Amino acid sequence: MTLLDGKQTSNEIKDELAVEVELFVKSGGKQPHLAAILVGNDGASKTYVNAKVKACDKVGFKSTLVKLEDTTSQSELLSEVEKLNNNPDVDGFIVQLPLPSHIDEQAVLEAIHPEKDVDGFHPVNVGKMALGLDGFLPATPYGILQLLERYKVETEGKTCVVVGRSHIVGSPMSILLSQNKYPGNCTVTLAHSRTRNLAKLCANADMLIVALGKPKFITQDMVKEGAIIVDVGITRVSALDTVSGYRLHGDVDFENVAEKCSFITPVPGGVGPMTIVSLLKNTLKATRHKGAEVIT
Ligand code: NDP
C-alpha cells in the first residue's frame with residue numbers, strides 16, 4: 001500500500017511555487033494577491049481560512065482576510081464581493097463556505113468575477129471545467145488530480161465510484177475523472193444518498209473518491225482488493241483527550257481499509273493540504289493571466 005501523502009506533496013508544490021513567484025516578480029511580474037472573505041465564527045472555517053493565509057506567506061503571495069460578522073446581510077456581503085472584484089491589486093479571492101443560512105450561497109458565488117474566482121465555483125468556470133476548457137478548476141478536485149499525478153497513479157480504464165455529489169467536490173470530480181486526459185479516462189459512477197446497493201458498487205470499483213462527510217462510512221467490506229482510495233471527508237469528532245477537544249476523521253475507516261488498498265489518502269494530511277495548494281496555483285494563474293492582458 002502506498003500512502004498518498006498530501007502534506008508532503010503540497011509542501012513540495014509550495015516550494016516550487018515559491019521559486020516560480022520569486023522569478024515572476026524578479027522579471028517584473030506582480031506579486032500575487034489572494035483575498036478571502038470569512039463570514040461568522042465557525043471554528044472549522046476559521047481554521048481553513050487561516051491555513052490559506054499562512055500558505056500565501058510561505059509562497060510569497062500577499063493575502064487579505066476580510067472578516068465579517070455572522071449577522072452580515074446578503075447585500076452587505078455582495079458589496080464586499082464587488083469591492084474585491086473592482087480592486088485591481090487583488091488577483092483572486094474566495095468566500096469561505098459554508099455561509100450563514102440567511103445568505104443565498106449561490107447568489108454570492110455568482111457575484112464573484114469569473115477571472116478572480118480561484119475556487120472555481122462560478123458557473124462560467126464550472127462550464128469551462130465540464131467542457132475541458134481552460135479556466136479555474138475547483139480547488140479540491142484539482143488537488144486530487146495533482147496528487148494522483150504526482151504519485152503516477154494509473155487511472156485509465158479504471159472503474160471509479162465517487163460517493164457524494166456536491167457542487168464543490170463530488171460532481172466536478174466525476175466529470176474530471178471521466179474526461180479523456182490524465183488523470184482521467186475512468187468509467188465513473190456518481191453515487192449519493194439515494195443510490196441503491198452502494199456497498200456492492202464500491203466493492204466492485206477500482207477506485208473510490210469519497211466525499212460525504214460521514215466518519216468511517218467506507219468499511220473494509222466495501223473495498224476491492226488493490227483499490228485506489230481518496231478520502232475527502234473531514235469531520236471534527238469530539239475527543240476530550242486532545243488539546244483542541246476534537247479529532248479529524250475521514251469518511252473511510254482507514255485502519256481497517258488501508259491494508260487492502262494499492263493507494264490511499266490519510267485524514268488529516270491527504271486531500272486537505274492539496275486543496276490549499278490548488279487555490280494558490282489558481283491564484284498565480286489569475287495573476288499571470290492579468291499580466292498577460294496588460295501586456296497585450
Ligand atoms: P455535502 O455535505 O455538500 O454533500 C454530501 C454528499 O454526500 C451529498 O451528495 C449526499 O447525497 C451524499 N451522501 C450523504 N449520505 C450518503 C449516504 N449514506 N450514501 C451515499 N451518499 C451520501 O458534501 P461536500 O462535498 O461539501 O463535503 C463532503 C465532505 O468532504 C465533508 O466532510 C467536508 O468537510 C469534506 N470536504 C473536504 C475538503 C478538503 O479540502 N479536504 C473540501 C471540501 C469538503 P445527496 O446529494 O443525495 O444528499
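The values are calculated or read from the model by the stated rules, or taken from the named source; none is laboratory data. Everything numeric here is computed off the predicted structure, so don't read it as measured data. Here the Cβ is made from the backbone with ideal geometry for all residues, glycine too, and neighbour counts use every protein chain on show. For accessibility, only protein heavy atoms count, side chains too; no ligands or nucleic acids. Shrake-Rupley method; radii C 1.70, N 1.55, O 1.52, S 1.80 Å.
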Next on the checklist: List pairs: first residue in segment 246-271 and closer than 11 Å to residue 4 by Cβ, second residue polar (S, T, N, Q) and surrounded by 16 or more Cβ atoms within 10 Å (Cβ to Cβ) anywhere in the structure, Cβ distance under 8 angstrom, at least six positions apart or on different chains.
Outcome noted: 271/140; 271/265
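Each row is one residue, and each column tells you yes or no for (1) at pLDDT below 95; (2) of a type outside the set (S, T, N, Q); (3) assigned by TED's automatic domain parsing to the domain that holds residue 157.
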position	(1), (2), (3)
218	no, yes, yes
224	no, yes, yes
227	no, yes, yes
230	no, yes, yes
240	yes, yes, yes
244	yes, no, yes
250	no, yes, yes
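Yes/no per residue for (1) open to solvent by less than 20 Å² (accessible area, probe 1.4 Å); (2) more than 16 Å from the ligand (Cβ to nearest atom); (3) among the hydrophobic types (A, V, I, L, M, F, W, C); (4) in a strand (DSSP E or B):
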residue: 134; (1), (2), (3), (4): no, yes, no, no
residue: 141; (1), (2), (3), (4): yes, no, no, no
residue: 144; (1), (2), (3), (4): yes, no, yes, no
residue: 155; (1), (2), (3), (4): yes, yes, no, no
residue: 188; (1), (2), (3), (4): no, no, yes, yes
Checklist entry - Within segment 242-261, which residues are part of a strand (DSSP E or B) and open to solvent by 40 Å² or more (accessible area, probe 1.4 Å)? => result 246, 247, 248, 249
Item to check | Candidate set from segment 161-186 (those that are farther than 26 Å from residue 13 by Cα and touching a helix residue (DSSP H, G or I) at 6+ places or on another chain (Cβ under 8 Å)); member that is farthest from the ligand (Cβ to nearest atom) | outcome: 161
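Can you name the residue in segment 1-21 that is of a type in the set (A, V, I, L, M) and under 9 Å from residue 277 (Cβ atoms) and is also farthest from the chain's Cα centre (by Cα) among such residues?
17
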